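Here's the structure we're looking at; comments come further down.
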Amino acid sequence: MFKKDQIQKELKNYNDSIAQNVPTDDIKKESEADKMRLLEIEKVYRRGVVSVKDLISPSAFKADTNFIRLGDKFVNTLYIVTYPRYITVGWFDAVLNYSIPMDVSIYYYPLTSEVILKKLRNKVGNIEAQLSADYDKGAPRDPKTQTALADIEELRDRLTQGTEKFFQIGFYVTIYSENLEELKKVMENVENIFGSRLIFTKRCMFTSKQGFSSTLPMGNDELYMVNNMNSSPASASFPFISSELTSNDGILYGINRHNNSLVLFDRFSLQNANAVVFATSGAGKSYAIKLEVLRALMLGTDVIIIDPEKEYEHLCEAVGGTYINLSLNSDSKLNPFDLPKGMTKEMNKSDIIRSAVITLKGLVRLMVGNLTHLEDSLVDRALLETYAKKDITADSDIDNLEPPLMQDFEDVLSGMEGGDDLVQRVKKYTSGTFSGLFNSYTNVNTANKLVVFSVRDLEDELRPIAIYTIVTYIWNVVRSQVKKRILVIDEAWWLMQQEDSAKFIFALVKRCRKYYLGITTITQDVNDFLNSPYGQAIVTNSSMQLLLKQSPASIELVKKTFILTEEEKYLLLQGRVGQGIFFAGNKHVAIQIEASYTEDQLITSDPRQLLEIEQAKKEFSDFSKDMQGTPNAK
């Protein structure tokens, strides 16, 4: 054993001899003892040099008959022996997405087409001779032989035309496990996955070391267990096939359940920014949308929400939004006769007034019921005269004029022949039970990043009318100033029950892209929504869809509408809260909605969590009062 000082001295002498250009002849005359001493010194030196192999090598390695002991891990390798006649793109995804540590190596060895064509020609001759002999003997037709002949002839044509190449392929999968029993179980599961696709595999026996080495990132195929294959099935074996919806821009919608990647997307990058959300009650649809709203606000997008169950109040308060509660006794009012401001450059005044009259006719139908042709004509003429009564005509400055009220409409109707019946039906909204809602000037302020309209305190009879009025008002605001906005209509099936409101929502969905608006429609009553012709059209005109857990009663309709596979159908039936399928354009992935703790506290709809939050607020308030009453409190 050499001491450190001696090694350094010998190395110094050796380097000095090289630096002094000692003649080669003198070096050759060194004794064998000197050479051995220098070699020993170099070995000692090398022991102190750390290489990459030293860093990645295991602490121990033992090759056994049918496994390898790699440190504290047990390892073995599978290789593919035979393939079925047909394999589809993505056949390997079930193994790739199997949640186990594994290494996969695929070796492609290109073969010369001339050699393959010669062998195929000989094979065709043998098969045709066999068929001819069977025919002469009167033997029954062999479909297997005839199919093989047809496949070979097709392959010969493609190889000759140059549209296909020929390869030998080695496909190896190395599996790691904590113990030997678990290794056997996992390998059996992987073999079953391959077997379900009619792919036969074998384990490495007495060649476990070669199998392990073949899947290291060294490019050495020590097994060389190959199959002949042409280009098409060879390309189907490409392993990187997991669907992803990850982009550089947008917001985080959730986690891809197939490969744990992020579903990061910008809805405004699609053909249109509209979205539909279908789920049963309690499946997490409002939770998912509130999460999107919260994250969209952070990126500067304005959001307007129609809230039927007061679910968004806590979120609105937390971000400093405007919460507008509409009811018969509330101070917040909306005037259905409002006109969009600043639209005279884009549309002429006649078109603005005509559009407002058409929208109001739909509202009147919701209020008074179906109209006869005569009543429809009367309402049309009365609405025009109601605007004219306030000097709102094609020749006036409509941006600076005060719009009429529902009372003005009733007054005009009462002075028209044949309008008495309509007047009686309208009185309910001007001087009757519902007079506090639609017969006042608008006094709400929507100049905020988040505006929420609540209709929870309205009677069921009034909800469709109120939502229709709110959407009309929002549409006027959107057209008056173009900004990046999202409109969320929760429980949209309220509007799909009436043809006029359904038609109006469909028109908005088709036109909103021009005004940089994305409309999100949420519903739990899937059958009512999709059975409406306008509901189907809204889905078609929405580039983004989110399907969460569905009920057995509606799953077949959902499957037909969204062209789902059987696996996707069962995923929607058996999924837990927050799990579903996320569609964006032509892509879709299985998604898990995930929120941080802080986000969860702001957006939760779980009654138990809400009670806990309210209790915590009360305790904090009581504590603050106690501290204020303490003499030494500052």
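Every number here is computed from the coordinates shown, using simple stated rules; none is lab data. Nothing here was measured: the structure is a model prediction, and the numbers come from that model. Cβ sites come from the backbone with ideal geometry, for glycine too, and all protein chains shown count toward neighbours.
Based only on other Cβ atoms within 10 Å, what is the fewest-to-most ordering of Arg267, Arg46? It would help to have the intermediate numbers written out before the result.
Details: Arg267 22, Arg46 9.
Fewest-to-most Cβ neighbours within 10 Å comes out as Arg46, Arg267.
The range 433-486 to the range 36-111: how many Å between their Cα centroids?
If we compute the Cα centre of each part, the gap is 65 Å.
If you plug each phi of the range 360-369 into the Karplus form 6.51 cos²θ - 1.76 cosθ + 1.60 with θ = phi - 60°, what whole-Hz ³J(HN,Hα) values come out, in order, with x for Gly and Pro?
5, 4, x, 5, 4, 4, 5, 7, 10, x
Which order results if Thr88, Thr521 are arranged by neighbouring Cβ count within 10 Å, fewest first? Working shown, then result.
Values: Thr88 8, Thr521 25.
By the 10 Å Cβ count, ascending: Thr88, Thr521.
So for Asp103, Asp408, fewest C-beta neighbours within 10 Å to most, what's the order? Please report the intermediate quantities before stating the final value.
Details: Asp103 16, Asp408 19.
The fewest-first ordering by Cβ neighbours comes to Asp103, Asp408.
Just how far, in whole angstrom, is the range 339-406 from the range 491-542 if you go by their alpha carbon centroids?
First find each Cα centre; the distance between them is then 23 Å.
Just the projected area, averaged over all directions, of the convex hull on the alpha carbon atoms of the range 391-453: how many nm²? Before the final figure, lay out each step's value.
On the way: hull surface 25.7 nm².
Averaging across all directions leaves 6.4 nm² for the Cα convex hull.
Count of lysine pairs in the range 294-378 with Cα atoms under 27 Å apart, counting only pairs 8 or more residues apart in sequence or on different chains?
Details: Lys310/Lys333; Lys333/Lys341; Lys333/Lys349; Lys333/Lys361; Lys341/Lys349; Lys341/Lys361; Lys345/Lys361; Lys349/Lys361.
Summing the qualifying lysine pairs gives 8.
Provide the packing ranking of 543-550, 581-588, i.e. peptides ordered by the mean count of other C-beta atoms within 10 Å per residue, highest first. Provide the component values of the computation, followed by the final result.
Values: 543-550: 23.6, 581-588: 16.8.
Put in order of decreasing packing, that is 543-550, 581-588.
Starting from a Cα-only point model with no solvent, please compute log10 I(q)/I(0) by Debye for the chain at q = 0.05, 0.06, 0.10 1/Å.
Rounded to two decimals, the profile gives -0.45, -0.60, -1.01.
At 222 nm, what value in deg cm²/dmol follows for the chain if DSSP H runs of at least 4 each add -39500 (n - 2.57) and the sum is divided by all its residues, to the nearest 500? Before the final figure, lay out the partial values.
Numbers: 26 runs with 297 residues, N = 634.
Counting only the DSSP helices, I get -14500 deg cm²/dmol.
Any idea how many Lys pairs in the range 62-236 come in under 26 angstrom at the alpha carbon, given 8 or more places apart or on separate chains?
Close lysine pairs found across the range 62-236: 22.
So what are the ³J(HN,Hα) numbers for the range 600-606, from phi and the Karplus equation (6.51, -1.76, 1.60; θ = phi - 60°), rounded to whole Hz, Gly and Pro as x?
After applying 6.51 cos²θ - 1.76 cosθ + 1.60, I find 4, 5, 7, 10, 4, 10, 5 Hz.
Could you sort the peptides 480-491, 161-172 by per-residue average Cβ neighbour count (10 Å cutoff), highest mean leading? Please report the intermediate quantities before stating the final value.
On the way: 480-491: 19.2, 161-172: 16.8.
Packing proxy ranking, top to bottom: 480-491, 161-172.
To the nearest 20 debye, what is the magnitude of the charge dipole of the chain about its Cα centre, counting +1 on the Cβ of each Lys and Arg and -1 on the Cβ of each Asp and Glu?
Working: 74 positive and 84 negative charges, 438 e Å.
The dipole magnitude comes to about 2100 debye.
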